[in-house]
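J.: Handing you a structure now.
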Amino acid sequence: MEATAGAYKVLVSVQPPDVIPGIAKVKVYLQNGSASAISLRAIYFQAGDEGAPEPDLMTKVPGQQLQFEGETWLMSSGSSSVQINITGSLGKGEIIVPVVATSTAKKEMPASTGRLLAALGILLFILMVTIIGAAVSDAITKRGDVVPPRRKRIRLISMSIAAVLTSLVVYGGNAWWQSWANGYRKYMFRPTQAVSKVNENGSNELTFRLDTSSQRRSSFPFIIPDHGKLMHMFVMRIPAMDAFAHLHPQRIDTTTFRTILPGLPKGKYLVFGDIVYNSGYTETIKDTFDITNTLTNIRTLDSDDAFAYAIPSDLVDNPQLPDAENTIVCGKPGTGVKLKDGSTMVWEGMTNEPLEASKLYSLKFQVIGPDKQPAKLDPYLGMAGHAAIVRSDGNVYIHLHPVGTFSMAAETNLVKRMADPQGMYHYPDPNKFYDSVNTSVKHLSTLNEADRNDLLMQQMQIPQKGMQGMEHNNSLEFPYSFPSAGKYRIWVQVKRNGQVLTAAFDRLVE
């Protein structure tokens with residue numbers, strides 16, 4: 001997350017644990033000023049500020065005066081945040097970073113450790129029974145005397161009772177542990193499933209229906225708009241990742257979304273649907289669908305929808321252009337991407353060297369107009385631009401903004417929740433909430449683009465002047481850390497003269 005905390009410009013990286021309860025690792029990079037102290041604490045949407053623990057101090061990274069690191073416990077699953085407070089040369093500043101706390105892994109005990117613990121358990125069991133037997137016989141017999149037969153009988157009876165009781169304790173402990181483990185598995189993160197269906201009879205309609213057996217089915221009425229849209233959908237043809245569309249489906253009911261596909265070629269497609277719940281919990285829903293015949297390019301359902309075809313730069317001499325107007329050639333070091341309005345997008349600082357996995361990068365792009373002058377960009381859904389990063393196998397995906405990987409709607413709602421004096425959060429009536437959100441989205445759709453962007457930036461608390469990534473009019477940057485090695489395609493979208501422009505870049509990450 002790249003944002004401001006008071007007068008400080010900061011870049012924050014939060015690495016949540018894959019098991020809850022667990023420790024989240026946090027790094028803060030100051031881009032101006034200096035800090036005498038930085039503290040952090042985890043705050044859950046449900047409990048609010050009143051239910052949050054005391055903050056922990058972060059420490060400076062050795063040799064780095066402007067970098068701090070720290071840890072905080074995430075004790076339960078759900079929508080949470082990390083509150084960071086900065087004190088230093090520019091006064092005090094505060095920032096809320098949304099974090100989805102959820103268990104995504106189950107830790108297996110090593111077999112050797114299991115055998116060792118089992119052996120120790122058996123030894124403790126034997127010692128417990130033996131000690132109790134000795135306590136009622138040998139321990140109360142004078143030194144040198146023979147243990148009377150009566151005490152021997154008592155010893156056997158006591159040891160038998162101790163063995164039974166100890167076995168019951170072991171059984172009860174195992175039952176408790178199995179119950180806890182079953183509960184963990186029950187609430188362990190399972191992605192919401194969806195069913196996609198394409199109508200190829202001239203309407204190009206794609207229906208995207210959420211699975212009602214999902215863990216989060218009760219939250220479906222509480223989906224809220226992010227950048228004014230209830231869902232951001234990215235569609236890519238596999239395995240080539242050459243056909244791409246960024247769409248914004250309309251909600252038909254609590255589980256069904258509908259959109260109009262552009263003139264996509266036939267093939268198999270991955271679809272990613274990004275949604276945000278009222279709690280700030282964000283989720284990407286993944287599915288696939290097939291197009292059996294190339295679609296005819298007809299009107300879009302949403303004016304902010306866009307699509308493009310990308311071909312690798314090494315195939316440019318023999319390209320297959322299904323739609324020349326929307327075809328782009330992927331960028332490479334020293335060469336920008338020619339956009340469909342004649343302008344060019346360049347990835348600043350890009351070299352032939354592979355990028356490193358888990359290393360934080362600032363992906364910087366510039367747009368140059370046909371006249372070779374910096375091209376002034378328009379806000380696109382209230383932001384300087386959007387990016388979608390996908391690994392070639394489709395198993396890594398992120399919808400990225402110039403402010404980072406988090407959802408602006410999630411941050412806005414979490415900030416409001418922190419200011420709410422009530423204790424535990426009580427959800428409103430789902431039907432009333434659903435209707436109020438639909439009314440708000442419909443109102444946004446009636447506004448002209450300038451008024452809509454103004455309203456979106458107000459809701460996201462972004463000043464029109466100094467919007468992140470738009471300070472120089474033609475440039476934008478995205479903070480991102482590639483999670484794993486592989487071949488990635490980076491789709492970057494901006495808006496210029498009312499037209500959404502799409503570029504694509506390929507990078508190898510090792």
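J.: What is the order of TYR434, TYR187, fewest Cβ neighbours within 10 Å to most?
T.: Numbers: TYR434 18, TYR187 15.
Arranged by neighbour count, lowest to highest, TYR434, TYR187 become TYR187, TYR434.
J.: Additional query: Based on the Cβ-Cβ distance from THR335 to GLU510, what FRET efficiency comes out when R0 is 25 Å, to the nearest 0.05?
T.: Values: r = 22 Å, r/R0 = 0.88.
Plugging the Cβ-Cβ distance into 1/(1 + (r/R0)^6) gives 0.70.
J.: As I understand it, the value is the acute angle between the Cα axis of helix 408-419 and the longest principal axis of the Cα atoms of the chain; what does it come to in degrees, rounded to 10?
T.: The angle comes out near 50 degrees.
J.: How large is the charge dipole for the stretch 118-187, taken about the Cα centre, if only the Cβ atoms of Lys, Arg (+1) and Asp, Glu (-1) carry charge, to the nearest 20 debye? Intermediate values should be presented prior to the final figure.
T.: Numbers: 9 positive and 2 negative charges, 34 e Å.
Using Cβ point charges on Lys, Arg, Asp and Glu, the stretch 118-187 gives about 160 debye.
J.: Please report the antiparallel percentage of DSSP beta bridges with both residues in the chain, rounded to the nearest 5.
T.: 95
J.: Additional query: Angle between the Cα long axis of helix 449-459 and the longest principal axis of the chain, 0 to 90 degrees, nearest 10?
T.: On a 0 to 90 degree scale, this one is about 20.
J.: Still on this model: Per DSSP H run of at least 4 residues, take -39500 (n - 2.57); add these up for the chain, divide by its residues and hand me the 222 nm value, nearest 500 deg cm²/dmol. Before the final figure, lay out the partial values.
T.: Working: 5 runs with 104 residues, N = 510.
The helix contribution divided over the chain gives -7000 deg cm²/dmol.
J.: Now for a different question. Ranked by Cβ crowding within 10 angstrom, fewest neighbours first, how are LEU165, LEU270 ordered? Please list the in-between numbers first.
T.: Values: LEU165 13, LEU270 18.
Ascending Cβ contact count within 10 Å gives the list LEU165, LEU270.
J.: On to the next question. When GLU69, GLU353, GLU2, GLU411 are ordered from fewest to most other Cβ atoms inside 10 Å of their Cβ, what list results?
T.: By the 10 Å Cβ count, ascending: GLU353, GLU69, GLU2, GLU411.
J.: Suppose the chain between GLU108 and ILE368 were pulled fully straight at 0.36 nm per residue; how much longer would it get relative to their current alpha carbon spacing? Display every interim value, and only then the final one.
T.: Working: separation 260, 0.36 × 260 = 93.60 nm, distance 5.29 nm.
Full extension from GLU108 to ILE368 adds 88.3 nm.
J.: Under the Kirkwood approximation applied to all pairs of distinct alpha-carbon atoms, what is the hydrodynamic radius of the stretch 20-135 in Å? Working shown, then result.
T.: Numbers: mean 1/r = 0.0567 Å⁻¹.
One over the average 1/r among Cα pairs gives 17.7 Å for the stretch 20-135.
J.: Based on alpha-carbon centroids, what's the gap between the stretch 369-440 and the stretch 261-275 in Å, whole number please?
T.: For the stretch 369-440 versus the stretch 261-275, the Cα centre distance is 21 Å.
J.: Can you find, among PRO262, THR296, PRO312, the residue sitting farthest towards the positive end of the charge dipole of the stretch 250-314, where Lys and Arg contribute +1 and Asp and Glu -1 at Cβ?
T.: THR296
J.: Hey, what angle do you get for helix 149-187 against the long axis of the chain, alpha-carbon based, 0 to 90 degrees rounded to 10?
T.: The helix 149-187 is inclined about 10 degrees to the chain.
J.: With +1 on each Lys and Arg Cβ and -1 on each Asp and Glu Cβ, how big is the dipole of the chain about its Cα centre, in debye rounded to the nearest 20?
T.: Details: 50 positive and 47 negative charges, 475 e Å.
Here the size comes out at about 2280 debye.
J.: Anything over 29 Å Cα to Cα? Flag those among LYS442/LYS495; LYS92/LYS432; LYS266/LYS338; LYS25/LYS197, in the order listed.
T.: Working: LYS442/LYS495 22 Å; LYS92/LYS432 39 Å; LYS266/LYS338 25 Å; LYS25/LYS197 41 Å.
Exceeds cut-off: LYS92/LYS432; LYS25/LYS197.
J.: So, one more: Quick one: 3J(HN,Hα) in Hz for the stretch 119-128, Karplus 6.51/-1.76/1.60 with θ = phi - 60°, rounded, Gly and Pro as x.
T.: Karplus values, whole Hz, x for Gly and Pro: 5, 5, x, 5, 4, 5, 4, 5, 4, 4.
J.: In addition: At 0.36 nm per residue, minus the direct Cα-Cα distance, what do ARG153 and THR141 gain on full extension? Give it in nm, one decimal, please.
T.: On the way: separation 12, 0.36 × 12 = 4.32 nm, distance 1.41 nm.
Length difference between fully extended and current span is 2.9 nm.
J.: Across the stretch 377-384, in residue order, what do the Karplus-derived ³J(HN,Hα) couplings come to in whole Hz, using 6.51 cos²θ - 1.76 cosθ + 1.60 with θ = phi - 60° and x for Gly and Pro?
T.: 9, 8, x, 10, 6, x, 10, 5
J.: Just going by the charge dipole of the chain, with Lys and Arg at +1 and Asp and Glu at -1 on Cβ, which of GLY369, THR104, PRO249 is farthest out on the positive end?
T.: Ranked along the dipole, the leading option is THR104.
J.: Express the relative contact order of the chain as a whole percentage, based on alpha carbon pairs under 8 Å and six or more residues apart in sequence. It would help to have the intermediate numbers written out before the result.
T.: Values: 1046 pairs, mean separation 69.0, N = 510.
The value is 14 percent.
Every number in this text was worked out from the coordinates using simple rules, so none of it is lab data. Keep in mind it's a predicted model, so treat the numbers as computed, not measured. Neighbour counts run over all protein chains shown; Cβ positions are idealised from the backbone, glycine included.
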